[in-house]
Amino acid sequence: MQKMDMLPDFAEITPTARIQTPAHGWRAKCLQRLIRLDLPVPRTVALPAATIRAIAAGHAVDVAAILAHFGDATLISVRPSPENPDWGGPGTILNIGMNAARHAGLAQRHGQAAADALYLRFVQAYATHVARLDPDMFDAAAPSADALQDALRVYEIEMDEAFPQDPARQLAEVLRSMARAWEGTTARLLRAAKGAPDEAALGLVVQEMAQGIGKGVSGSGVIQFVDPVTGLPQVTGRYLGQSQGRDALKRTEAIYLTRDPRGPSLEELAPGLFADLLRYGAACRARLREEMQIEFTIEDGHLSVLDAVKVARSARAGLKIAVALAEDGVISDAEAVLRVEPRALSELLHPQVDPRGARDVFVRGIAASPGAATGRIVFSSQAAQASAARGEPCILVRRETAPEDIRGMHSAVGVLTERGGMTSHAAVIGRGLGLPCIVGASDLKLDAKERKLVAPDGRVFREGDIITVDGTTGEALAGAADMLAPALDDSFRKLLGWADSYRDIGIRANADTPADAATARQFEAQGIGLCRTEHMFFEEDRLVVMREMIFADSAKDRAAALARLLPMQREDFVQLFDIMQGLPVCIRLFDPPLHEFLPHSREGLRELAEALDKPLSEVTRRAEALAEFNPMLGMRGVRLGVVLPEIYDMQAQAIFEATVEIARRGGSVVPEIMIPLVSARREVELVQTRIEAVAAKVRARAGAGTDFAYRLGVMVETPRAALRAGEIAQHASFLSFGTNDLTQMTYGLSRDDAGRFMNTYVQQGVFPEDPFHILDVDGVGELLHIGAERGRRTRGDLVLSICGEHGGNPESIDFCRKAGFDYVSCSPYRVPLARLAAAHLAL
Ligand code: PEP
Ligand code: MG
């Protein structure tokens, strides 16, 4: 039952009408701008979100009043106009108002075939989108009089009434179905995945149809002025004679707009109109401050602009376009920075398949999201999550993906689907996540039950087999392909340079090796915020010496082993300092429990006994003695430094000697030494005293003219260190919050085991997110606040930072900025994202 109490609320779009986003939506606003630019836009009426909401709730709208804006014989279209174009919306419906009388009129003017095609098209759209009949029943091989009559008959049989002839009723039904479609669960989930809020509203625009049929040059097309993949200037698009809507994009016989090797292009067919389109494009770019795709129709040589949408673009193109607009003075550099989503950068950073390597392609599909990734095949989202929990990269292979696969997609390194196109769920979400993705690989035979897929050449791949998804070319390769590091061009550097000029928090990288440090430099990190020195000891030759040190019987033997480690460690630091060129390098002293360096198998123990020239029984006994029930809470971090101080002595000596070495070469560095897993002030005091003594010794030996400075700091990783930060800061010039351990200890949650039940916890709403991924602002965050505040009360110039895995997340950066931290430190590949996210927060 329709409620008739609503007043009509809509407006014809004119240069002066009050058309506003969010009320009328982006499309209505955009059309008004085109009208203000004097572009030939057909008459258009905008219905605001409040009206559409009322229609969805069952209120009637005065369609006669809307139709009064259009001529009697005019056909109209309805298009969605949500607040944000990315939120999608119900599909456009064309040719509303079509009925037997108008069909006859059109047949007289444009011929029977053209009129049949238009009418059939409307019946198909109305039957499937408004009456919700099965689209298969209205599939016609080609438009014809018979196909039209068939469609009208099927409609009548299915609906128990003739196809509606009254344009007012047609329009009312179209509006109602579009309003309701917007409220549907699928539509809600899809737009929520793109960041739309729950209350996201839809406006609609009703527009007079410009017919792309006629005797002179007639047809329709779309034109854009940049390449959507590279973002470089280039006219692309399609035009199809005697067509309407976006037909030209779907049909292979559509011609290119310029330089068509198959025949005349639009430019050659209609040079004047083509020149007009170029002018319109330039006007849009300058005045709408955006690269637009223009939808146009030509009716007997008369050009109409129906719509203009932001050119759909890859992340790479998005960045290129933003930088080009800023360089041309169309937008400010700050706006260019804001236009690039930090998370989109990851797509630019992704590796690509090396074109020089072997390519064992087993299927081709649509290149839906660029970048390449290698992993083991999984056929379900659950399997993807389990694989991620084990730390094994996986490729999610599905017939198609649905909103409930989002967690699985988050867990996978790449996605391959049998069905779908560029705007399918997998493609859209894949691009959003920067996840290499191939869709529509329809030659695959997928058997999810049997957990296998059969390639067109008959090869069978099973769950666990390794494949590579090349989302840039759309090819899936058997096995692991050779990869190329991502190419980072001038636009990328320029944008991040602008970002740096706005952000107000430092960004450093966690880097343990020279390769990490080189990546950190490439991404312009402002230093190393965490060098985990134990990672330097896992190489084969060092491991042996390390084990000798651990098994030493006496202080003398231990000193001998450490003396052999010293030059290796010194060389590590010389290399790091060299690469970082005077930028700060924060070195964390040895952290993990010693038993991690022991062999765990009998075979390994035997080999160790041999290397140490000791009886197996003694080696085994020593290994057992070193084993702990809770190694993560055991003899690690500063506890080692207190109990076996020679290890930290050696590391400090290596750091200082490397500093002297760099100074001798004309460089300079002020190393930062960080003590891990502190829980008490006295621990820091003890280590500090010894490090000062080592520094004095190195200074004395180095002689005059080679003095050096260093800073000593504490890693806050235990709740007690945060609570006692006031007194700890007496001995520290900086505090760096290690939020991995701090999260583990605050929750009493093993960071190595929590993956097993984290999904259940998140699904049941116990935790809003995995706290090891997204900083727990409420609990761990409070400790950070307490530590920062108490530390700074002792020492006003105390440098504060965070170096856990959370460091690169925009949410954590936001927290750290607000808490007055000096910098965040994250993995080198997160540095560009962090730089951009920090700028977004500051702007
Ligand atoms: C931390 O605990 O947050 C940290 C950075 O140290 P690690 O991950 O090495 O324990
Ligand atoms: Mg730690």
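Bear in mind these aren't lab numbers, they're just calculated from the coordinates by the rules spelled out. Computed from a prediction, not measured in an experiment: that's the story for all the values here. Neighbour counts run over all protein chains shown; Cβ positions are idealised from the backbone, glycine included.
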In sequence order, calculated HN-Hα J values of region 289-304 (Karplus, 6.51, -1.76, 1.60; Hz; x Gly/Pro)
6, 6, 7, 10, 9, 9, 9, 9, 9, 10, 10, 6, x, 9, 8, 10
Label point distance in nm, Ala518-Ala625, each placed 7 Å from Cα along Cα→Cβ
4.3
Please figure out what share of the DSSP beta bridges in the chain is antiparallel and state it in percent, rounded to the nearest 5.
60
Helix 831-842 sits at what angle to the longest principal axis of the chain, using alpha carbons and giving 0 to 90 degrees rounded to 10?
70
How would the chain be classified by its alpha-carbon gyration tensor: rounded, prolate or oblate, with rounded meaning a/c under 1.5 and the a/b versus b/c comparison settling the rest?
prolate
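So, R0 is 41 Å and r is the distance between the beta-carbons of Ile786 and Gln764; what FRET efficiency does that work out to, to 0.05?
Efficiency for this residue pair is about 0.90.
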Could you work out how far the C-alpha centroid of region 167-233 sits from that of region 32-62, in angstrom?
12
Treat every Asp and Glu Cβ in region 1-107 as -1 and every Lys and Arg Cβ as +1, leave all other atoms uncharged, and give the resulting dipole magnitude about the Cα centre to the nearest 20 debye.
180
Angle check, please: helix 100-110 long axis (alpha carbons) against the longest principal axis of the chain (alpha carbons), in degrees 0 to 90, nearest 10.
90
Could you give the distance between the Cα centres of region 784-843 and region 582-661, to the whole Å?
31
Using the number of other C-beta atoms within 10 angstrom as an exposure proxy, rank His24, His731, His129, His600 with the fewest first.
His600, His129, His731, His24
If the cut-off is 30 Å between C-alpha atoms, which lysines fall inside it for Lys445, apart from same-chain ones fewer than 8 positions away?
Lys250
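May I ask you to compute the full-extension gain from Thr252 to Ala140, defined as 0.36 nm times their residue separation minus their alpha-carbon distance, rounded to one decimal in nm?
38.5 nm
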Within region 330-489, what percent of beta bridges assigned by DSSP are antiparallel, to the nearest 5?
70
Compute the angle between helix 112-125 and the longest alpha-carbon principal axis of the chain, please, reported from 0 to 90 degrees and rounded to the nearest 10.
50
Cross-link partners of Lys614 among lysines (Cα-Cα below 19 Å; sequence separation of 8 or more within a chain):
Lys556
Quick shape check on region 293-367: root eigenvalues a ≥ b ≥ c of the Cα gyration tensor, a/c under 1.5 is rounded, otherwise prolate if a/b tops b/c, else oblate, and it reads oblate
Of Lys29/Lys215; Lys29/Lys320; Lys310/Lys494, those spanning more than 27 Å from alpha-carbon to alpha-carbon:
Lys29/Lys215
Which of rounded, prolate, oblate describes region 351-484, given a ≥ b ≥ c as roots of the alpha-carbon gyration tensor eigenvalues and a/c under 1.5 marking rounded, otherwise prolate only if a/b is larger than b/c?
rounded
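Which FRET efficiency value, to the nearest 0.05, do you get for Asp553 and Ala358 by plugging their Cβ-Cβ distance into 1/(1 + (r/R0)^6) with R0 = 51 Å?
Efficiency, rounded to the nearest 0.05: 0.45.
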Arrange Cys803, Cys531 by Cβ neighbour counts within 10 Å, fewest through most, would you?
Cys531, Cys803
Arrange Val41, Val694, Val831, Val716 by Cβ neighbour counts within 10 Å, fewest through most, would you?
Val694, Val41, Val831, Val716
Hey, how much of the P(r) for region 11-208 falls beyond 21 Å, as a percent of Cα pairs?
54
Hey, got a sec? Which chymotrypsin sites (Phe, Trp or Tyr not before Pro) in region 577-630 land in a DSSP loop and have at most 13 other Cβ atoms within 10 Å?
Phe629
Apply the Karplus curve 6.51 cos²θ - 1.76 cosθ + 1.60, θ = phi - 60°, to the phi angles in region 43-49 and return the couplings in whole Hz, x for Gly and Pro.
3, 9, 10, 10, 9, x, 4
Here region 811-824 yields Karplus 3J(HN,Hα) values (6.51, -1.76, 1.60; θ = phi - 60°; whole Hz; Gly and Pro given as x) of 5, 5, 4, 4, 4, 5, 4, 5, 7, x, 6, 7, 7, 10
What percent does the relative contact order of the chain come to when contacts are Cα pairs within less than 8 Å and at least six residues apart?
8
In nm, to one decimal, how far is the modelled label at Gln165 from the one at Ala680, with both set 7 Å along Cα→Cβ?
9.6
Nearest 500 deg cm²/dmol is fine: what mean residue ellipticity at 222 nm does the chain get from its DSSP H runs of n ≥ 4 alone, each adding -39,500 (n - 2.57), divided by its residue count?
-13000 deg cm²/dmol
Could you tell me which of Ile691, Ala151, Leu495 has its Cα farthest along the dipole of the chain towards the positive end, charges placed at Cβ (Lys, Arg +1; Asp, Glu -1), taken about the Cα centre?
Ile691
Sequence-distant residues sharing a close amide H with Ile366 (under 5 Å, placed H):
Val439, Gly440, Ala441
